[in-house]
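Written out below as C-alpha cells is the structure these notes cover.
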Amino acid sequence: MKLIIHGGFFSESSQSLETKVAKQNALKRVLTNSYEYLKTHTALETVVHAVEQLEDDELFNAGIGSQIQSDGKIRMSASLMDGKSNKFSGVINIENVKNPIRIAEKLFNTQDRVLGGEGATVYARLNKFDFFNPEIPQRRKEYEAKLESKSLGTVGCVALDANGNIAAATSTGGKGFEVPGRISDSATTAGNYANAFCGVSCTGIGEDIVSASVATKIVTRVSDEFTIDKAFEKTFTELKEIDGFCGAIAIDSKGTVYHLDSHPSMVYGSFDGKTIDVFQ
Ligand code: ASP
C-alpha cells in the first residue's frame, strides 16, 4: 500500500515560514490517518477521504479557503478517477458546497458523471449537500486588494491499495481572479488520471496542464511500458516547450511513488506505512 498527497505550490514571496510549517504538518496528519484508512478501504475510497480533509483545511486552495474569481464568487472543481474500473467523475465550477470531492464521488455511480456550473450545484442540493460558503477573510482581503495570489494550493491524492488498485483525486478553488466560466484542469483527465498501471494528480496553471495533457500522457506512457521516471521526464520536457507551470504526484502498479515539478516549491508528501516524507 502506498499513498502520496499534494497541497499545490507554495509561494515563497506571499507566504510565511509559519504557513509553510503548518502546511507540512497538515500533510503529515492527513497522510497518517489516510494510510490507516487505506488498510481497510479501497484506493478509491481513500483518495476521497484524504482530499476531503485537505478541502476542510483553509490553508489549501480547495473547499474552505478557495480562491475568489474576478466577479467575487468562488467556484470549485474536483474529480475522481478509479484505475480499476477506468471511470472518471467530477464537478466543474460548483458553488457553495463544503466538499466538492464528495459530489464527484456521488456522481461516480451515475450515468452523467461530470457536471458543470449551475447543474452541478443543483445536483448537490438535490442530493442533500447543504449550502456552505467556503470563503475565508484572507481570500476576501486578497480579492479586494486585487492582489493576484501566487499561491496555487490545489490538493490531490493518489493511492495504491492492498489489492493493487490505484485511484486519484484532485480538488481546486482555481487560479484566483479568473473570468467566470473558466475551466480548471483539476476536473479533466489532464489534471487527474488513473488506470491499472499508474495514477497522477497535478497542480499548477490549468491552461498549461491541459495544453500538455500532463496526467493523461504520464499514465499512458507508463501503460506503454515507460518506467515512471522516463514517463515524467518526457512529459515535462514537452511541458517545457510551452513554458508550462505544473507539478505532479504519481504511483505506479509496482508501488513506485514519484513526483516532479517544473518550478520547485510544490508541497507534497508520501507514506508507505513506515516513513513519512514531506517536501516543499
Ligand atoms: N490547477 C489549478 C487551476 O489552474 C490551480 C492549482 O493547481 O492551484 O485551476
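Taking the conditions exactly as written (surrounded by 17 or more Cβ atoms within 10 Å (Cβ to Cβ) and touching a residue at least 24 places away in the same chain (Cβ under 8 Å)), does residue 70 satisfy them or not? Outline the logic, then answer.
Values: surrounded by 17 or more Cβ atoms within 10 Å (Cβ to Cβ): no; touching a residue at least 24 places away in the same chain (Cβ under 8 Å): yes.
The answer is no for residue 70.
Would you say residue 156 is in contact (Cβ under 8 Å) with a residue 60 or more places away in the chain, near the ligand (Cβ under 10 Å from one of its atoms) and on the phi > 0 side of the Ramachandran plot?
The answer is no for residue 156.
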Taking the range 54-67 and the residues there that are touching an Asp or Glu at 6+ places or on another chain (Cβ under 6 Å) and not hydrophobic (A, V, I, L, M, F, W, C), the one that is surrounded by the most Cβ atoms within 10 Å (Cβ to Cβ) would be 63
Hey, does the range 97-105 have a residue that's out of contact with any strand residue (DSSP E or B) (no Cβ under 6 Å at 6 or more places or on another chain) and among the aliphatic types (A, V, I, L, M)? yes
Pairs only if they're at least six apart or on different chains, beta carbon under 6 angstrom, first in the range 27-38 and within 12 Å of residue 159 (Cβ to Cβ), second modelled with pLDDT under 95 and not in a helix (DSSP H, G or I); list them, first residue then second. 31/276
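Scan the range 201-210 and give yes if some residue there is on the phi < 0 side of the Ramachandran plot and assigned to a loop (DSSP other than H, G, I, E, B), otherwise no. Step through it out loud before you land on a result.
Step one: of the range 201-210, the residues on the phi < 0 side of the Ramachandran plot are 201-203, 205-210.
Still in the list and also assigned to a loop (DSSP other than H, G, I, E, B): 205.
The answer is yes, given that some residue of the range 201-210 is on the phi < 0 side of the Ramachandran plot and assigned to a loop (DSSP other than H, G, I, E, B).
Is it the case that residue 238 is at pLDDT 95 or above, more than 24 Å from residue 44 (Cα to Cα) and either touching a Pro at 6+ places or on another chain (Cβ under 8 Å) or among the acidic types (Asp, Glu) (or both)? I'd like the intermediate steps shown before the answer.
Numbers: at pLDDT 95 or above: yes; more than 24 Å from residue 44 (Cα to Cα): yes; either touching a Pro at 6+ places or on another chain (Cβ under 8 Å) or among the acidic types (Asp, Glu) (or both): yes.
So residue 238 fits the description; yes.
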So which of 6, 41 ends up being more than 19 Å from the chain's Cα centre (by Cα) and within 20 Å of residue 104 (Cα to Cα)? 41
Count of residues meeting criterion [of a type in the set (Gly, Ala, Ser), without any contact (Cβ under 8 Å) to a residue 40 or more places away in the chain and within 16 Å of the ligand (Cβ to nearest atom)] in the range 199-235: 4
Residue count, the range 134-163 (criterion: under 21 Å from the mean Cα position of the chain (by Cα), modelled with pLDDT of 85 or more and among the charged types (D, E, K, R)): 3
Selection from the range 171-198 of residues more than 8 Å from the ligand (Cβ to nearest atom), within 12 Å of the chain's Cα centre (by Cα) and not in a loop (DSSP other than H, G, I, E, B) yields 171, 192, 193
Looking only at the range 76-113, and only at residues there that are under 14 Å from the mean Cα position of the chain (by Cα) and β-branched (Val, Ile, Thr), the one that is nearest to residue 63 (Cα to Cα): 101
Residues of the range 161-184 being closer than 18 Å to residue 105 by Cα, crowded, with 24+ Cβ neighbours inside 10 Å and of a type outside the set (Val, Ile, Thr), which ones? 167, 168, 169, 171, 173
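The values are calculated or read from the model by the stated rules, or taken from the named source; none is laboratory data. Everything numeric here is computed off the predicted structure, so don't read it as measured data. Here Cβ is always computed from backbone atoms with ideal geometry, including for glycine, and neighbour counts include all displayed protein chains.
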